[in-house]
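The values are calculated or read from the model by the stated rules, or taken from the named source; none is laboratory data. Everything numeric here is computed off the predicted structure, so don't read it as measured data. Note: ideal-geometry Cβ built from the backbone for every residue, glycine included; neighbour counts use all protein chains shown. Keep in mind that these areas ignore ligands, DNA and RNA; they rest on the heavy atoms of the full protein, side chains included. Shrake-Rupley method; radii C 1.70, N 1.55, O 1.52, S 1.80 Å.
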Amino acid sequence: MAQRQVVLITGASMGLGHEMAEMLARDGWTVYGTSREPENYSTHGWRMIELDVTDGASVRACVDEVMQREGRIDALVNNAGYGLSAFAEEATVDEIRAQFDTNYLGVHHMCQAVLPIMREQGGGRIVNISSLSGLIGTPPSAHYSASKHALEAYSQTMRLEVAQFGIRVSIIEPGLTKSAFRENVAKPAEPLAAYDDLREHLREQGVRTEKLAHPTVVVARTLRRVLRARSPRLRYTCTRLDWLGAHLICWLPEGVMHWLVRKVFGL
Ligand SMILES: NC(=O)c1ccc[n+]([C@@H]2O[C@H](COP(=O)([O-])OP(=O)(O)OC[C@H]3O[C@@H](n4cnc5c(N)ncnc54)[C@H](OP(=O)(O)O)[C@@H]3O)[C@@H](O)[C@H]2O)c1
C-alpha cells in the first residue's frame with residue numbers, strides 16, 4: 001500500500017490554514033496543523049499541534065513531534081501570518097519587527113527546521129502563502145506588504161537553491177479572502193491624527209469591498225493544484241480576477257498602475 005503523504009500546515013486554527021488542512025485530510029494526506037493554542041480547537045481526521053513561528057524552541061518541538069510520529073514531512077505549508085494595519089509613518093519599529101518576526105522570519109524558522117529533513121528524504125514541497133500584497137503595496141499596509149515582498153524574494157531565491165535536492169518551492173498569492181484576518185489585524189499603538197481622514201475613508205472602503213472577498217476554499221483548491229503538479233510553478237493566484245490583478249501589477253507601466261490603485265482605493 002502506498003504510504004500516506006505527510007503535510008505540516010502552520011496557522012491551521014482558522015481561515016485559510018484550517019480550510020487547507022480539512023481539504024488535504026479529505027484527500028488522504030496525513031495532516032498536521034498548528035496553533036499557538038491547540039487546546040482551543042478540535043479537529044476531525046487531522047491533528048493540531050502547538051506552534052509559535054516566532055519562537056525557535058517551539059518550531060523545533062513542532063517539527064520533532066511530526067518526525068517522531070511520522071518519520072517524514074513531504075510538504076510544508078507556511079501559512080501563519082497576520083496584518084499590521086498602520087500607515088508607513090506611524091508604525092513603531094517594534095510593531096514592524098513583530099510583523100516581520102511572524103510573516104517573514106517565521107517562515108525562515110520553519111524552512112530551516114524542515115529543509116534538512118527534506119534533503120535527507122531526497123525531496124519535498126514547500127508552499128509559502130504570500131498575497132497580492134507581495135506584489136504591490138496598498139495603504140494602510142506598508143509593513144505587511146513589505147513582509148510579503150520579502151517572502152516573495154526569499155521563496156524565489158530558495159526555489160533556485162534547493163531544486164538540486166528535489167525540493168520544490170512555490171508561492172500562493174491570494175487576493176481578498178473571507179476569514180478573520182481583518183478582525184485579527186494589529187493596530188498601531190500610536191496612530192497619527194494626520195492620517196485619521198484617510199484611515200476612516202479606507203475603513204469605509206474596506207467594508208464595501210469585503211463583499212468581493214472570495215471563500216477560503218479557492219485557496220485550498222490552489223494548494224491542492226500546487227501539491228498535485230509534477231513540476232509546480234513558482235507563483236500561483238487563486239481566482240481569474242487575482243490572476244488578472246497580478247499580471248496588471250507586473251506588466252502595466254508604473255504610472256498607470258498607481259493611477260489604477262488610486263482609483264480603486266479612492267485616494
Ligand atoms: N484573508 C485574506 O484576505 C488573505 C489574503 C492574502 C493572504 N493572506 C495570508 O493568508 C495567511 C492566513 O491568513 P488568514 O486569512 O487565514 O488569517 P486568520 O484567519 O487570522 O488566521 C491566521 C492564522 O495564523 C496563525 N498565526 C498567527 N500568528 C502566528 C504565530 N506567531 N505562530 C503561529 N501561528 C500564528 C493563527 O493561529 P493561532 O492564532 O491559533 O496561533 C491562525 O491560524 C496569512 O499569511 C495571510 O497573510 C490572507
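Assorted remarks:
- One residue stands out among those in segment 11-66 that are away from the ligand (no atom under 13 Å from the Cβ) and of a type in the set (Lys, Arg): the one that is least open to solvent (accessible area, probe 1.4 Å), which is Arg47.
- Residue list for segment 137-178, restricted to those being open to solvent by 30 Å² or more (accessible area, probe 1.4 Å), within 15 Å of the ligand (Cβ to nearest atom) and of a type in the set (A, V, I, L, M): Ala142, Ala146, Leu176
- Residue tally, condition buried (at least 21 other Cβ atoms within 10 Å of the Cβ) and either under 21 Å from Val162 (Cβ atoms) or touching a strand residue (DSSP E or B) at 6+ places or on another chain (Cβ under 7 Å) (or both), over segment 86-103: 3
- Residue in segment 85-94 that is assigned to a helix (DSSP H, G or I) and either over 21 Å from Ser231 (Cα atoms) or in contact with a Cys (Cβ under 7 Å, 6 or more places away or on another chain) (or both) present: yes
- Within segment 67-84, the residues that satisfy the criterion of being small (Gly, Ala, Ser) and either more than 15 Å from the ligand (Cβ to nearest atom) or surrounded by fewer than 21 Cβ atoms within 10 Å (Cβ to Cβ) (or both) are Gly71, Ala75.
- Subset tally (residues that are among the hydroxyl-bearing types (Ser, Thr, Tyr) and exposed (fewer than 11 other Cβ atoms within 10 Å of the Cβ)) for segment 192-245: 1
- Segment 111-123, residues that are open to solvent by 10 Å² or more (accessible area, probe 1.4 Å) and either at pLDDT below 95 or away from the ligand (no atom under 14 Å from the Cβ) (or both): Gln112, Leu115, Pro116, Ile117, Arg119, Glu120, Gln121, Gly122, Gly123
- So Ala25, is it within 19 Å of the chain's Cα centre (by Cα) and farther than 15 Å from Ala113 by Cβ: no
- Residues in segment 121-161 that are touching a Lys or Arg at 6+ places or on another chain (Cβ under 8 Å) and either assigned to a helix (DSSP H, G or I) or among the hydrophobic types (A, V, I, L, M, F, W, C) (or both): Gln121, Ile126, Ser133, Gly134, Arg159.
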